[in-house]
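The values are calculated or read from the model by the stated rules, or taken from the named source; none is laboratory data. Bear in mind the structure is a predicted one, so any value in this text is a computation, not a measurement. Reconstructed Cβ throughout: ideal geometry from the backbone, glycine too, with neighbour counts over all protein chains shown.
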């Protein structure tokens, strides 16, 4: 396959986080950039932090990619192959601990 990338897309977009969801026929990957540090939920009526509520992390979708459901498994395989190659090239034996969602 010969691929052409428009010059305005060559740099790409930065993303701190990705969310994946699906419909019956499509998988959707939302790549997000975190806007602010996590902060407590605020009660709109009082303007005060809601005790015991989970922290809110605001993010903006930088890119949304929709792919046919038949392509998700080749994508998973390609990500695994590239992840394994990165681990081997970086000398790491496992992904870094400080990734979003990690320990």
**Message:** Residue pairs, Cβ under 6 Å, 6 or more apart or interchain, first in region 1-29 and on the phi < 0 side of the Ramachandran plot and without any contact (Cβ under 8 Å) to a residue 40 or more places away in the chain, second surrounded by fewer than 10 Cβ atoms within 10 Å (Cβ to Cβ) and not in a loop (DSSP other than H, G, I, E, B). List them.
**Reply:** 28/21
**Message:** It is to be established whether one or more residues within region 7-17 are surrounded by 13 or more Cβ atoms within 10 Å (Cβ to Cβ), touching a strand residue (DSSP E or B) at 6+ places or on another chain (Cβ under 6 Å) and outside any loop (DSSP other than H, G, I, E, B).
**Reply:** yes
**Complete:** Restricted to region 85-103 and to residues being part of a loop (DSSP other than H, G, I, E, B) and farther than 28 Å from residue 57 by Cα, the residue modelled with the highest pLDDT is 91
**Prompt:** What about residue 29, is it out of contact with any strand residue (DSSP E or B) (no Cβ under 7 Å at 6 or more places or on another chain) and at pLDDT 90 or above?
**Reply:** no
**Message:** Every residue in region 18-35 that is in a loop (DSSP other than H, G, I, E, B) and more than 16 Å from the chain's Cα centre (by Cα), please.
**Reply:** 23, 24, 25
**Message:** Looking only at residues that are within 14 Å of the chain's Cα centre (by Cα) and in a loop (DSSP other than H, G, I, E, B) in region 36-70, which one is surrounded by the fewest Cβ atoms within 10 Å (Cβ to Cβ)?
**Reply:** 58
